[in-house]
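The values are calculated or read from the model by the stated rules, or taken from the named source; none is laboratory data. These figures come from a predicted structure and were not determined experimentally. Neighbour counts are summed over all protein chains in view; Cβ atoms, including those assigned to glycine, are modelled from backbone coordinates with ideal geometry. SASA here: full protein model, heavy atoms, side chains in, ligands and nucleic acids out. Shrake-Rupley method; radii C 1.70, N 1.55, O 1.52, S 1.80 Å.
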Amino acid sequence: MRLRRTAALLLLTLLAATGCGSAVTPAAAPPPASTAASPATAAPSSGASDRPSDATSMICNPYFRQELAGALGTDITQPLAPTWEKRVYSCAYHYPDGSMTLSVKELPDAATALAQYDGLRGSAGPVTDLNGLGEAAYKRADGTTVVRKDSFVLTVDVAKLPETFGTPPRSRADVAVMTATTVMICWQEHSS
């Protein structure tokens, strides 16, 4: 079982690493943003709250949606409808039998991101640490994964997915980790 999970994550890594470099126009949503940037180069500043950073906007663009569809073996049933409110960019991925929501909270600096992450972790109930994902990561009992990277906090909320999801079927916790891993790979690729 562990070998199969490792092989699936390796395959996802290879797929994501070969595809994130493509330039893609992001999903139509106010406000517009491009996709070719990294968290390091697109770190939010305290005065730039009118639109999400390029790195943040990647989570809801059409190319990233295609990456997830390939990795999960299923595609969304409704168009993505990103929102940007109070420095949180998010969108719901609706599938035939459930949905997951990706969101990124942009913070002014890494110290503030650490405080935000620690606050979320402290209020999450029992969690499992995920080593090697971002600068820090954990998953909640429902499988939802939270990752801190630079001045960003990524949340992959899978609470509305069935216990097993995708083709081949995976636990929703594995779906969340695969999705977060894909985001981290894309961010890393664009920072190179």
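Descriptive notes on the structure:
- Taken over the stretch 97-152, the residue count meeting the criterion of being touching a residue at least 40 places away in the same chain (Cβ under 8 Å), under 16 Å from Val183 (Cβ atoms) and assigned to a loop (DSSP other than H, G, I, E, B) is 5.
- Among residues of the stretch 178-192 that are touching a residue at least 24 places away in the same chain (Cβ under 8 Å), those with a Cβ under 9 angstrom from a residue that is of a type in the set (Asp, Glu), sequence gap 6+ or separate chain, pair up as Thr182/Glu67; Cys186/Glu67; Trp187/Asp150; His190/Asp54.
- Across the stretch 182-192, the number of residues qualifying as in a helix (DSSP H, G or I) and surrounded by fewer than 23 Cβ atoms within 10 Å (Cβ to Cβ) comes to 6.
- Residue within the stretch 70-81 that is touching a Ser or Thr at 6+ places or on another chain (Cβ under 7 Å), in a strand (DSSP E or B), open to solvent by less than 50 Å² (accessible area, probe 1.4 Å) and among the small types (Gly, Ala, Ser) present: no
- Screening the stretch 140-181 for residues that are farther than 18 Å from Ser103 by Cα and among the hydrophobic types (A, V, I, L, M, F, W, C) and picking the one that is surrounded by the most Cβ atoms within 10 Å (Cβ to Cβ) gives Phe165.
- Residue match in the stretch 120-130 (condition: closer than 24 Å to Gly73 by Cβ and of a type outside the set (D, E, K, R)): yes
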